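Take a look at the structure below.
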Amino acid sequence: MNHFSAEFMKALGEKPQESVLLKDYSHFRIGGRADYFFEAHTLSGFEACLALAREMSQPFYVIGGGYNILFDDKGFRGLIIKNSVKGINEGETFKVEVLSGTTLEEMLQFCREKELEGFEFLAGIPGTVGGGLYSNAGAFDQGIGDLLEEALVIQPDGKKETVGRDFFDFRYRHSLLGEKRSLLLKAVFFLKPGNVEEIEARIRDNLKSRRDKHPSSSIACAGSYFKNPVLPTGKKVPAAALLDEVGAKRMRSGGAAVYSGHANFIINSNNATSEDVRRLAFRMKKKVKAKFGIVLREEVIFVPEVLPEP
């Protein structure tokens, strides 16, 4: 047993997995092997794992459901921590407390059962609450950050802190969680009382809208690849419309291809590598820049083999 595994065993009572294939934890089905892998199911285990990694200067990266992410073909030199810490409680009036590894679907269904409205726009969006707040996930001009009241985060120095909504500086598909290098432990949302039939109807409508446009869950991809650009005037332009104009649906690179039903999805059509995907994305960006003068920004996060220095 190597030194890190031995210390991990001492601190958590179990060893991390070694040489784990990351493609098995990515909806893109792409990625090499991580040196170490640990799936946390409790807050105490999650915090202990983070503390040990920091103490031993072990590079680490936290994932949720494996959506919106592209792993390097070369794997990851360090520890991948999968946050599966789940739990939902009804707090004070119209408030819901949710642990960060809870899926957006689980949270939406809990709110539906409690007849609390507000999260219907999340219907069909995969991933976890932690990942959702990291990127301010949303649809139909709404974001999950709109309903956040406060959150419990763990700071880079290991201290836990309760923060308000302003801490995140939510913008379109963006929060400051990554830049602050803070990790979400728990979120508290404020919703409104609603009618269960009306809530269910909105969920059905939103699911239908997504099914009509997006690849099915059986297709390997990471969701919308680019953010919709926001012009200096404040107007938001659909990235898919720009990509359609430059013929993106006919583009491919190796095993990666643009989805025929929506130009802002890159799919793993035939054993694609991360380089296939990134090469294709670069060409798509180049064409849009050349025709419209607009630089597309990635929504999908690339996790390199070696993390850059903070």
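A 1.4 Å probe run over the protein chains yields, for the chain, 48 Å² of accessible area per residue, whole-number rounding. Over segment 254-310, all Cα pairs binned in 5 Å intervals from 0 give whole-percent P(r) values of 4, 17, 23, 24, 17, 10, 4, 1, listed from short to long. When the chain is treated as a Gaussian network with alpha carbon springs shorter than 10 Å, the biggest mean-square fluctuation among M284, M107, M56 belongs to M56.
Note on Q142 and E92: the model spin-label points, each 7 Å out from Cα along the C-beta direction, lie 2.3 nm apart. Rolling a 1.4 Å probe over the protein heavy atoms of the chain, with every protein chain left in place, gives an accessible area that is 48 percent carbon and sulfur. For the residues E200, E18, E299, a 1.4 Å probe over the protein chains yields an accessible-area ranking, largest first, of E18, E200, E299. Put simply, the amide H of E39, placed in the peptide plane, has neighbours under 5 Å in K82, leaving out anything fewer than 5 places away on its chain.
Roughly what % of Cα-Cα distances in segment 67-213 sit above 27 Å, to the whole percent? Pairs farther apart than 27 Å: 22 percent.
Within the same chain, aspartates and glutamates fewer than 8 places from K236 are excluded, and of the rest, those with a Cα less than 12 Å from its Cα are D141.
Within the chain, what percent of beta bridges assigned by DSSP are antiparallel, to the nearest 5? The antiparallel fraction comes to roughly 75 percent. Each Lys and Arg contributes +1 and each Asp and Glu -1, all at the Cβ; summed about the Cα centre of segment 96-190, the dipole is approximately 400 debye. Among the lysines of segment 1-125, pairs at least eight places apart or on separate chains and with Cα atoms under 26 Å apart come to 13.
Basic side chains Lys and Arg get +1 at the Cβ, acidic Asp and Glu get -1 at the Cβ, and with that the dipole of segment 200-244 about its Cα centre reaches some 120 debye.
Here the dipole of segment 174-280 is about 220 debye; that uses its Cα centre as origin and unit charges on the Cβ of Lys and Arg (positive) and Asp and Glu (negative).
Think of segment 103-247 as a dipole: +1 on every Lys or Arg Cβ, -1 on every Asp or Glu Cβ, centred on the Cα centre; then among G131, C111, I203, G131 lies furthest on the positive end. Based on the Cβ-Cβ distance of V295 and D169, what FRET efficiency does E = 1/(1 + (r/R0)^6) give at R0 = 25 Å, to the nearest 0.05? That gives a FRET efficiency of 0.70. Here the Karplus curve 6.51 cos²θ - 1.76 cosθ + 1.60, taken at θ = phi - 60°, turns the phi angles of segment 79-92 into couplings of 10, 9, 10, 8, 7, 10, 7, 10, x, 9, 9, 7, x, 5 Hz, with x standing for Gly and Pro. The fraction of all Cα pairs in segment 1-150 landing in successive 5 Å bins from 0 to the largest distance is 2, 9, 17, 19, 17, 14, 10, 7, 4, 1, 0, given as whole percents. With R₀ fixed at 45 Å, the C-beta to C-beta distance from N271 to N2 puts the FRET efficiency at about 0.90. Highest-first packing order for the peptide set 261-268, 154-161 is 261-268, 154-161, based on the mean count of other beta carbon atoms within 10 Å. For segment 93-107, the Karplus equation 6.51 cos²θ - 1.76 cosθ + 1.60, evaluated at θ = phi - 60°, returns couplings of 3, 6, 10, 10, 9, 10, 6, 5, x, 5, 6, 4, 5, 4, 5 Hz by residue, with Gly and Pro reported as x.
Report the Cα centroid-to-centroid distance between segment 122-137 and segment 222-256 in angstrom, as an integer. When both Cα centres are located, 20 Å separates them. Taking θ as phi - 60° and the Karplus parameters 6.51, -1.76 and 1.60, the scalar couplings of segment 2-14 work out to 6, 4, 5, 4, 5, 5, 4, 4, 5, 7, 10, x, 7 Hz in sequence order, x denoting glycine and proline.
The values are calculated or read from the model by the stated rules, or taken from the named source; none is laboratory data. Only a predicted model underlies this, so the values are computations on that prediction, with no experimental measurement involved. When we count neighbours, we look across all protein chains shown, and the Cβ atoms used for this are built from the backbone with ideal geometry, even at glycine. Keep in mind that these areas ignore ligands, DNA and RNA; they rest on the heavy atoms of the full protein, side chains included. Shrake-Rupley method; radii C 1.70, N 1.55, O 1.52, S 1.80 Å.
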